[in-house]
Amino acid sequence: MKKITCIALLSALSLTGAFAQSAGDAQKKVGDAMSTKDLKGEFKEGWNKASSFGATLNVTGFSDSWKQVNTGVVGNTNLHFILKHQNALVKGKNIWINDFEGQLGFQSSGKNATTNKREFNRNIDKLFLNSQYGRKVSDKLSVFAEGNFISQFLAVKDSESDTKRNIASAFMTPGYLTVSTGIEYRPVDYFTVKLAPLANKWTFVSHKNVVYDTETGYAYGVNVGEGKKSLSEFGSQLTLGFNKEVMKNVNLGFRYNFFKAWKDTEGNKNKPLDHRLDLLATAKINKYLNVNFTYIGILDKDVFDHKAFNNSTPKPIDPVRSSWQSASGFGIGFLASF
C-alpha cells in the first residue's frame, strides 16, 4: 500500500555503501547512516523491498574547490529529484542487501551575458549501486563483504576549455568501484563502526575528451595524458555512522569515511588518507513536508593536492583554492514511498 512520507534528501558523489546488518538487527529499523527513520522500514525473514521518489527545492552553496558541479551555480535555487530502491534477503543469521539511488538536480545560474537567455545547469548528479552480505557473530558484531559503485548520469562541459577536450565530468568520468571486507561493531542501533582492513578502490576516467592537468597528465588521479583510463588502489577503510532522532521530529544522520591506500598501480605507496563526510539533518513540519540541511565534504589528494599546487614552479593555472571540497544545502520537500 502506497504511503506518503515527508522528507527531503540530498547526498552527492560518493557514498561508500550501506552498513551490513545481521539477522538480530532485522527486526529493528535498519539502513545506512544517511537514511531517515521513515525510510528504514523493518526487515522480516525472506525478501524485503522498498522504493521511493521525491522532489526537493533547495538553496545551495559550494566552496571554490568543489569540482563536481558547473561553474557559476553557487548560491542559487535548484530543483532536486531522487529515486531510491532497496531489496534485502534475510535468512537466519545472514542478510543480503542491495541498494540503488539516483539523484539529479538543476538550478538557474542567471542569464547568459551574450544571449541574454536564462541558463540552467546540473548541480547534483549521482548514480549509486551497493551490494552487501553480512553474517551475525554476536549481538553487536557482524562480518561483512560488500561492493559499491558510484558515478553520474550526465556529461558536463568545462566552461574554461576552448578545445575539443572540454568534458569536466560524465558517466564513468569519474566512476568509483570499491570492494571491501571486514567487521562491523554496532554498540547501539543508531551508531556503527565499520572496519575493512582489506579494501580495493578502482577509479575510472573513460571519456575521451575529459579535461586533464597538462602539467601532470592526471584527471581524478588517473594518468589520462599517457592514455590510461583507470587507477587501482589497495588499502583499508574505516566508516563511522550515526542516525538518530535527537529531539522530537528532528533527525540527524552522518557518515564519515576514511580510505587509506597502501599502494596503487602507479607505484605510489602509503598515500594520504581520503576523507568523506555526509551529513543530513531533517525537521518535520507536518505529515507531508519537512525541511532539511545537508553537508558533503571531500578531501582527496588525487582530485586536488593543495600542497603540490602551492609548491609547483611555475604555478599551473587552476581556480581551485582548497583541497577540502564542500557542498551544503537547505531545502524543503516531500518523498513518496511505496
Q | Enumeration of residues in segment 256-271 that are without any contact (Cβ under 8 Å) to a residue 60 or more places away in the chain, under 22 Å from Ile296 (Cβ atoms) and of a type in the set (A, V, I, L, M, F, W, C) | A | Phe258
Q: Working only within segment 269-282, note down all residues that are surrounded by 16 or more Cβ atoms within 10 Å (Cβ to Cβ) and more than 17 Å from the chain's Cα centre (by Cα).
A: Lys271, Thr282
**Q.** Out of Lys248, Lys244, sole residue that is without any contact (Cβ under 8 Å) to a residue 24 or more places away in the chain and of a type outside the set (Gly, Ala, Ser)
**A.** Lys248
(Q) Given the criterion at pLDDT below 95 and closer than 20 Å to Leu299 by Cα, identify the matching residue among Thr214, Thr173, Thr192. (A) Thr173
(Q) I'd like the residue in segment 230-275 that is within 30 Å of Lys208 (Cβ to Cβ) and in contact with a Ser or Thr (Cβ under 6 Å, 6 or more places away or on another chain) and, out of all such residues, is modelled with the lowest pLDDT. (A) Thr265
Q) Can Lys248 be described as charged (D, E, K, R) and under 25 Å from Lys301 (Cβ atoms)? A) no
Q | segment 134-148: number of residues that are of a type in the set (A, V, I, L, M, F, W, C) and farther than 17 Å from Leu198 by Cα | A | 2
Q.
Which of the numbered conditions does Lys208 fail, given that it passes all the others? Conditions: (1) surrounded by 15 or more Cβ atoms within 10 Å (Cβ to Cβ); (2) over 20 Å from the mean Cα position of the chain (by Cα).
A. (1)
Q.
Condition (residue is at pLDDT below 75, assigned to a loop (DSSP other than H, G, I, E, B), among the small types (Gly, Ala, Ser) and touching a strand residue (DSSP E or B) at 6+ places or on another chain (Cβ under 9 Å)) applied to segment 322-331: is it met by at least one residue?
A. yes
Q. Which number in (1) modelled with pLDDT under 80; (2) among the charged types (D, E, K, R); (3) surrounded by 16 or more Cβ atoms within 10 Å (Cβ to Cβ) marks the one condition that Lys315 misses?
A. (3)
Q.
If a residue counts only when it is surrounded by fewer than 19 Cβ atoms within 10 Å (Cβ to Cβ), modelled with pLDDT under 70 and out of contact with any helix residue (DSSP H, G or I) (no Cβ under 8 Å at 6 or more places or on another chain), which strands (runs of 3 or more DSSP E) contained entirely in segment 42-130 have at least 3 such residues?
A. 94-111
Q: Would you mind listing the strands (runs of 3 or more DSSP E) fully within segment 155-234 where at least 3 residues are within 23 Å of Tyr256 (Cα to Cα) and in contact (Cβ under 8 Å) with a residue 12 or more places away in the chain?
A: 175-188, 191-204
Q: Looking only at segment 238-259, decide whether some residue is farther than 23 Å from Ile183 by Cα, in contact with a strand residue (DSSP E or B) (Cβ under 6 Å, 6 or more places away or on another chain), basic (Lys, Arg) and in a strand (DSSP E or B).
A: no
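The values are calculated or read from the model by the stated rules, or taken from the named source; none is laboratory data. Computed from a prediction, not measured in an experiment: that's the story for all the values here. Using ideal geometry, Cβ is built from the backbone for each residue, glycine included, and neighbour counts are taken over all protein chains shown.
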